[in-house]
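Down below is the structure, laid out as structure tokens.
The values are calculated or read from the model by the stated rules, or taken from the named source; none is laboratory data. Since the model is a prediction, treat every value here as computed from it, not as a measurement. Using ideal geometry, Cβ is built from the backbone for each residue, glycine included, and neighbour counts are taken over all protein chains shown. Protein only, heavy atoms only, side chains kept; ligands, DNA and RNA dropped before computing areas. Shrake-Rupley method; radii C 1.70, N 1.55, O 1.52, S 1.80 Å.
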Amino acid sequence: MHQWKNGDRYEGEWADSLKHGKGTDAFANGDTYSGDYAYGKPHGFGQYVWRNGASYVGHFANGIKDGAGKWKKDARPNCNQYEGVFFNDMKHGLGIFTWESGNRYEGNYWMDLRQGFGLMEWNDGSSYEGEWLKGIKHGQGRLRLPDGRIKEGIFRNNKFVGEMRLPKSTRVSTTIQEEEEGEDLPPQEDDREQ
């Protein structure tokens with residue numbers, strides 16, 4: 001075991017005076033990491049636990065979350081949590097984010113934002129399945145409201161703006177029936193790690 005002057009401790013394998021292979025860090029601030037190292041940084045599979053109870057179990061590359069993994073805000077079973085793909089320390093690819101409130105998103109992420117196709121389910125029974133852009137509903141989608149009404153069509157900047165209808169001709173095209181201002185939708189929850 002090696003202990004630094006600041007109180008950080010490491011027990012594990014070394015190569016060229018760097019943490020390399022399997023090992024465990026216990027940091028003076030209360031954080032811990034146990035898993036694979038390459039050239040002094042977490043790299044491969046491991047578990048990082050922050051002193052506030054947040055945790056990440058999964059793949060690392062050069063010291064940051066990268067690959068498949070699971071992040072939890074704290075140790076409680078029903079806390080905010082994400083399970084899916086990370087890239088460069090951000091949610092990026094397919095994943096599932098579940099909020100403490102019971103709300104749930106399953107779908108694509110791009111650079112930590114919901115983007116592409118996804119399904120959001122709120123604890124009041126409403127849901128949205130469709131396209132996302134930079135974290136908001138934008139594109140073709142279907143919204144089920146708490147009272148059971150369904151809005152299906154085009155969403156822009158998180159507002160329903162019109163139904164998509166096929167014209168009576170045989171051409172394959174769509175028309176958008178615009179609503180005056182667009183309809184406000186259920187509030188978004190922040191799915192950034194906090």
Q. Which of (1) more than 21 Å from Met111 (Cβ to Cβ); (2) assigned to a strand (DSSP E or B) is the odd one out, the single condition Ala75 does not satisfy?
A. (2)
(Q) Any residue that is farther than 24 Å from His59 by Cβ and touching a residue at least 60 places away in the same chain (Cβ under 8 Å) - is there at least one of those in region 132-149? (A) no
**Q.** Filter result for Glu152 (outside any loop (DSSP other than H, G, I, E, B) and at pLDDT below 95)
**A.** no
Q. Got a number for residues in region 86-102 being open to solvent by less than 60 Å² (accessible area, probe 1.4 Å) and aliphatic (A, V, I, L, M)?
A. 2
Q) Among Tyr82, Tyr105, Tyr109, which is the only one that is open to solvent by less than 50 Å² (accessible area, probe 1.4 Å), under 28 Å from Lys19 (Cβ atoms) and aromatic (Phe, Trp, Tyr)? A) Tyr82
Q) Does Met164 fit the bill of being outside any loop (DSSP other than H, G, I, E, B) and at pLDDT below 95? A) yes
Q.
For region 53-68, which positions are part of a strand (DSSP E or B) and either open to solvent by 70 Å² or more (accessible area, probe 1.4 Å) or of a type in the set (Val, Ile, Thr) (or both)?
A. Val57, His59, Ile64
(Q) Just to check your reading of the model, which residue among Trp71, Trp14, Trp50 is touching a strand residue (DSSP E or B) at 6+ places or on another chain (Cβ under 9 Å) and loosely packed, with under 15 Cβ neighbours inside 10 Å? (A) Trp14
